[in-house]
Amino acid sequence: MTTILFQGDSITDVGRDRQNIGDLGKGYPNLVGATLGFENPEKYTFIDKGISGNRIVDVYARIKDDILNLKPDVMSILIGVNDVWHEFDFNNGITAEKFEKLYRILLDEIIDELPNIKIMILEPFCLLGPATEKNWNNGFDEEVKLRAAVAKKIAKEYNLTFIPLQDKFDEAAKTTENTYWLFDGVHPSTAGHELIKREWIKAFNTLGL
């Protein structure tokens, strides 16, 4: 079976039971697992290792237990918004420059250990909403876009699959309230997770697995 690992922060975690490796939470990993599992019975094993609050440095800190030891065939990673958010709220964020350095170190070590792995990098995103509005004019949006640019740049340089999401949410929100898709400006609603799932599967299908 092909093992698919979802890695990231709360947008990937979404309340999963961390004592149950088969629990995919209530977000896009669960929706992906439902769709691919239904269409391809017993072809894939799905693992969600997203952890709420994680920044790139936190994902790197658990690279051994939560990535390398699992030996996934495919890994998708969505990270970056907490690297911004934690700076505004706790003065504990990760600059765009350090974000890029750590992302490269993370990928280098994964690819060195698992040379045949397929990696999909999801673009971090945000919208104006209850959790972002107080810092929106102070650069929240711009800083998230800097991390998004890093993710896209790295995906291109490493020849990895990049999944754009910001434009998708911007387009979807043109005819609705922003909170319909991201209930606080960061965390997706059920419809928002469905949006991510659809873009994820489109990208996954290009891998030919």
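The values are calculated or read from the model by the stated rules, or taken from the named source; none is laboratory data. Worth saying up front: this structure is predicted, and the values here are computed from it rather than measured. Heads up, the Cβs are rebuilt from the backbone with ideal geometry, glycines too, and the neighbour counts pull from every protein chain shown.
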Check region 86-94 and report whether any residue there is more than 18 Å from the chain's Cα centre (by Cα), surrounded by fewer than 16 Cβ atoms within 10 Å (Cβ to Cβ), of a type outside the set (D, E, K, R) and not in a helix (DSSP H, G or I).
yes
Could you list, ordered by first residue, the pairs with Cβ atoms under 7 Å in which the first is in region 61-76 and aliphatic (A, V, I, L, M) and the second is modelled with pLDDT under 95, at least 6 apart or interchain?
Val74/Leu209
Considering only region 138-150, I want to know if a residue exists there that is closer than 16 Å to Gln7 by Cα and β-branched (Val, Ile, Thr).
no
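Residue-by-condition table, conditions (1) within 16 Å of Ser76 (Cα to Cα); (2) out of contact with any Ser or Thr (no Cβ under 9 Å at 6 or more places or on another chain):
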{"site": "Glu133", "(1), (2)": "no, yes"}
{"site": "Ala149", "(1), (2)": "no, yes"}
{"site": "Ile154", "(1), (2)": "yes, yes"}
{"site": "Glu157", "(1), (2)": "no, yes"}
{"site": "Thr161", "(1), (2)": "yes, no"}
{"site": "Gln166", "(1), (2)": "no, yes"}
{"site": "Asp170", "(1), (2)": "no, yes"}
{"site": "Lys174", "(1), (2)": "no, yes"}
{"site": "Glu177", "(1), (2)": "no, yes"}
Scan region 54-84 for residues that are in a helix (DSSP H, G or I) and crowded, with 24+ Cβ neighbours inside 10 Å and jot them down.
Ile56, Val81, Asn82, Asp83, Val84
Wholly inside region 128-209, helices (runs of 4 or more DSSP H) that include 2 or more residues that are under 22 Å from Pro29 (Cα atoms) are 140-157, 166-172, 190-205
Could you tell me which residue of region 2-53 is farthest from the chain's Cα centre (by Cα), considering only residues that are part of a loop (DSSP other than H, G, I, E, B) and on the phi > 0 side of the Ramachandran plot?
Glu42
Test Glu97 against the criterion of being among the charged types (D, E, K, R), surrounded by 14 or more Cβ atoms within 10 Å (Cβ to Cβ) and either outside any helix (DSSP H, G or I) or more than 17 Å from the chain's Cα centre (by Cα) (or both), and give yes or no.
no
Taking region 20-65 as the search range and keeping residues that are polar (S, T, N, Q) and out of contact with any Leu (no Cβ under 7 Å at 6 or more places or on another chain), which one is farthest from Pro124 (Cα to Cα)?
Asn40
